[in-house]
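Written out below as C-alpha cells is the structure these notes cover.
Every number here is computed from the coordinates shown, using simple stated rules; none is lab data. In this text, all values refer to a predicted model and were calculated from it rather than measured experimentally. Cβ atoms come from the backbone with ideal geometry, glycine included; neighbour counts cover every protein chain shown.
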Amino acid sequence: MAGFALLPFMWAVNFVWFLHEAFKAPPYPEQKQIRTYVIVSGVGASLWLIGVIVWVCVFQECRSEWGATADYLSFVIPKGVP
C-alpha cells in the first residue's frame with residue numbers, strides 16, 4: 001500500500017538505501033541486478049521531482065491567466081489583484 005501512495009518517495013529511499021550495496025560493496029552474484037534497480041529508482045525519483053518542480057513553477061506563473069480552472073485546482077485562493 002505504501003508503494004502505491006508514496007511510490008516516488010520510496011524510489012528515492014531505495015536509491016539512497018542501496019547505493020552503497022550496489023556500487024561500493026565487494027562483488028557478489030546479485031549485485032548487477034541490485035545495481036539496475038538502484039539506477040532505475042534514482043532516475044524515476046529524479047524525473048518525478050523535476051516534473052513536480054516544473055508543474056509548481058508553471059502553475060504559479062500562469063495561475064491568474066487560467067481563471068476559474070486554476071481556482072478549482074487551488075486549495076487557497078489568493079486575495080488581491082493578479
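Just a few scattered comments:
- Selection count where residues are aromatic (Phe, Trp, Tyr) and more than 30 Å from Val13 (Cβ to Cβ), scope region 41-82: 2
Per-residue answers, yes or no, for (1) assigned to a loop (DSSP other than H, G, I, E, B); (2) in contact with a strand residue (DSSP E or B) (Cβ under 6 Å, 6 or more places away or on another chain); (3) surrounded by 10 or more Cβ atoms within 10 Å (Cβ to Cβ); (4) without any contact (Cβ under 8 Å) to a residue 24 or more places away in the chain:
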position	(1), (2), (3), (4)
His20	no, no, yes, yes
Pro27	yes, no, no, yes
Lys32	no, no, yes, yes
Val38	no, no, yes, no
Val43	no, no, yes, yes
Ser46	no, no, yes, yes
Ile53	no, no, yes, yes
Val58	no, no, yes, yes
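- Restricting attention to region 60-70, the residues that are at negative phi and exposed (fewer than 11 other Cβ atoms within 10 Å of the Cβ) add up to 6.
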